[in-house]
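Notes follow the structure.
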Amino acid sequence: MIQIVDKQNCCGCYACYNICPPKCIHMQPDVDGFWYPVVEIDECTECGLCEQICPILKEKSADNYQPLAYACINNNETIRLESSSGGIFTLIAEQMIEDGGVVFGANFNENFEVEHSCVELKEELQKLRGSKYVQSSIGETYKQAKQLLKSGKKVLFTGTPCQIAGLKSYLGKEHERLICVDIICHGVPSPEVWKKYVDYRQEKARSTAQRILFRRKDDGWKRFSVSFLFENNIEYRETLDKDLYMRAFLKNVCLRPSCYACQFKTIHRQSDITLADFWGIQNMLPDMDDDKGTSLIFVNSKAGQAMIEQIADKMQFKEVDINEAIKYNPAAIKSVASNPNRGKFFKELYKLTFEELVKKYCTDKLSVRIKRRVKSLARAILKKLGLLGFTKRILGRG
């Protein structure tokens, strides 16, 4: 019977939930909004499968395949601009559908919660495209993928490295019709924090959100924007450095405990292909940097290489030194550091507005001190010049 004593030892991959024969494991959110398995003891048969397939408890097998790295850009400019980076996910997914397969990935449901689902048509890929900076609920998609593979279908399954590890462990064996794609993952924020932010934005707009995008490129790929479009036609749009949710995300204050000690950050991955933004492209391959998005991909298996060869004529690509690329993308192999304010942030999650919460726990204290010092110095200079009163009147503070 699986028991979570240390929350760092559960990545919320849903493998135990999917494998349980009597279905006595339920995924329930803790006080911070992260899902953990809870066992109905009276229904448990103590078969031990949940512990055997846990990707964190399971012994990791060595992989001798040497991954290759590429910088890639989708030739379709429209798809590229609608994508988080270079638009390579869409090429892989479209190829899978052309080959008669299906695609699993993360999408928003009607309440803008993030969950995994399966699509069979190219027209449906739009909902899987683009980053969702929230932990997605796997649900029973591992079971669905297994049934489809048994029926002879090809399957493309995309997710975070721990979700791919969970799927592989659940399946228990390799499937030649399965292609797995993971991402270079910073970490996954709490679904409850995300819900609080969506509620905050809707209250500010006095309307219900009808579209949310994490990665608009209006101000360029490197300085992407978060966008909410509401039913009253008001649009909120702010760059990653100013958006409240992204500030909390990038300050590592709202991530799952396992993300601070991730066991799946490595060059040798369980996926066939790894997708990421190619941060540092301007230094390594400036001719492939137009600030519209360039993908960094790792090819981790022969099946992954075969897929890349299938879509090669639909993209620009150049091989790069994987170790050099990782220097600019350390999240590939290194867990983020826990924010010392994390506990306080979650403790006050339901007490403060989202804006108050972020300003209190995600603001660099040094920057605040510098701003106060500059303001104090400016005030002293204006006073010395006899311009303080005049300046106050101009600013409407007199």
For this session: Compute the accessible area per residue over region 1-86, keeping the other protein chains in place, probe 1.4 Å, unit Å².
Result: 53 Å²
Seminar exercise, completed: Label model pair ASN76, GLU324: point-to-point distance (7 angstrom along the Cα→beta-carbon line) in nm is 3.1 nm
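Take every DSSP beta bridge whose two residues both sit in the chain, then give the antiparallel share in percent to the nearest 5. Walk me through the numbers on the way to the answer.
On the way: 38 of 50 bridges.
Around 75 percent of the beta bridges assigned by DSSP in the chain are antiparallel ones.
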Exercise. How far apart, in nm, are two points set 7 Å out from the Cα along the Cα-to-Cβ line at LYS302 and at GLN126?
Worked result: 4.0 nm
Exercise. With the dipole of the chain worked out from charges on the C-beta (+1 for Lys and Arg, -1 for Asp and Glu) around the Cα centre, which of LEU296, HIS175, ASN18 lies farthest toward the positive end?
Worked result: LEU296
Exercise. What is the dipole size for region 129-272, taken about its Cα centre, with +1 at each Lys and Arg Cβ and -1 at each Asp and Glu Cβ, in debye to the nearest 20?
Worked result: 240 debye
Problem set entry | Residues with amide H under 5 Å from that of VAL320, placed H, sequence gap 5 or more | ALA69, TYR70, ALA71
Problem set entry | Separation of alpha-carbon centers, region 312-343 and region 213-259, rounded to whole Å | 20 Å
Seminar exercise, completed: Scalar couplings 3J(HN,Hα) for region 324-338 by Karplus 6.51 cos²θ - 1.76 cosθ + 1.60 (θ = phi - 60°), nearest whole Hz, x for Gly and Pro, are 5, 5, 5, 4, 8, 10, x, 4, 5, 10, 10, 6, 6, 7, 6
Problem set entry | Calculated P(r) of region 1-127 - Cα pairs past 25 Å, % | 50 percent
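State whether region 182-300 is rounded, prolate or oblate according to the following rule on the C-alpha gyration tensor (a ≥ b ≥ c being the square roots of its eigenvalues): a/c under 1.5 gives rounded; otherwise a/b larger than b/c gives prolate, and the remaining case gives oblate. Each step should come with its number before you reach the end.
On the way: a/c = 2.44, a/b = 1.40, b/c = 1.74.
In terms of gyration-tensor shape, oblate.
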Seminar exercise, completed: Computed Rg/Rh for region 120-256 (Cα atoms; Rh = Kirkwood radius) stands at 1.03
For this session: Normalise the Debye intensity by I(0) for region 74-181, one equal point scatterer per Cα, no solvent, then take log10 at q = 0.21, 0.23 Å⁻¹ and round to two decimals.
Result: -1.18, -1.36
Exercise. Hey, rough spin-label estimate for GLN147 and ASN233, points 7 angstrom out along Cα→Cβ, what's it come to in nanometres?
Worked result: 4.4 nm
Seminar exercise, completed: Once phi for every residue in region 233-245 is put through the Karplus expression 6.51 cos²θ - 1.76 cosθ + 1.60 (θ = phi - 60°), the whole-Hz ³J(HN,Hα) values, with Gly and Pro written as x, are 6, 7, 10, 9, 8, 8, 5, 4, 7, 10, 5, 4, 5
For this session: Please report, in Å, the Rg and the Dmax of the chain, where both are computed over Cα atoms only.
Result: 23.2, 83
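Can you tell me the length gained on complete extension of the stretch ASP218 to CYS44, counting 0.36 nm per residue apart and subtracting the Cα distance?
On the way: separation 174, 0.36 × 174 = 62.64 nm, distance 5.26 nm.
My answer for the length gained is 57.4 nm.
Note down the relative contact order for the chain as a percent, whole number, built from C-alpha pairs under 8 angstrom at least six residues apart. Mind showing how you got there, number by number?
Details: 687 pairs, mean separation 78.0, N = 398.
About 20 percent, as a whole number.
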Exercise. Got a sec to turn the phi values of region 254-259 into Karplus ³J(HN,Hα) couplings, 6.51 cos²θ - 1.76 cosθ + 1.60 with θ = phi - 60°, whole Hz, x for Gly and Pro?
Worked result: 10, 8, 5, x, 5, 5
For this session: Note down the magnitude of the dipole of region 37-165 about its Cα centre, charges +1 on Lys and Arg C-beta and -1 on Asp and Glu C-beta and zero elsewhere, to the nearest 20 debye.
Result: 500 debye
Problem set entry | Global geometry of region 245-322, whether rounded, prolate or oblate, following the gyration tensor of its Cα atoms and the 1.5 cut on a/c | oblate
Problem set entry | Quotient of Cα Rg and 2.2 N^0.38 Å for region 228-365, N being how many residues it contains | 1.33
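Please get the size of the charge dipole for the chain, origin at its Cα centre, with Cβ charges of +1 on Lys and Arg and -1 on Asp and Glu, quoted in debye to the nearest 20. Walk me through the numbers before you get to the answer.
Numbers: 59 positive and 50 negative charges, 583 e Å.
Roughly 2800 debye for the chain.
The values are calculated or read from the model by the stated rules, or taken from the named source; none is laboratory data. These numbers come from a predicted model, not from an experiment. Cβ: placed from backbone, ideal geometry, glycine included. Neighbour counts: every protein chain shown. Note: areas computed on protein heavy atoms with side chains; ligands, DNA, RNA excluded. Shrake-Rupley method; radii C 1.70, N 1.55, O 1.52, S 1.80 Å.
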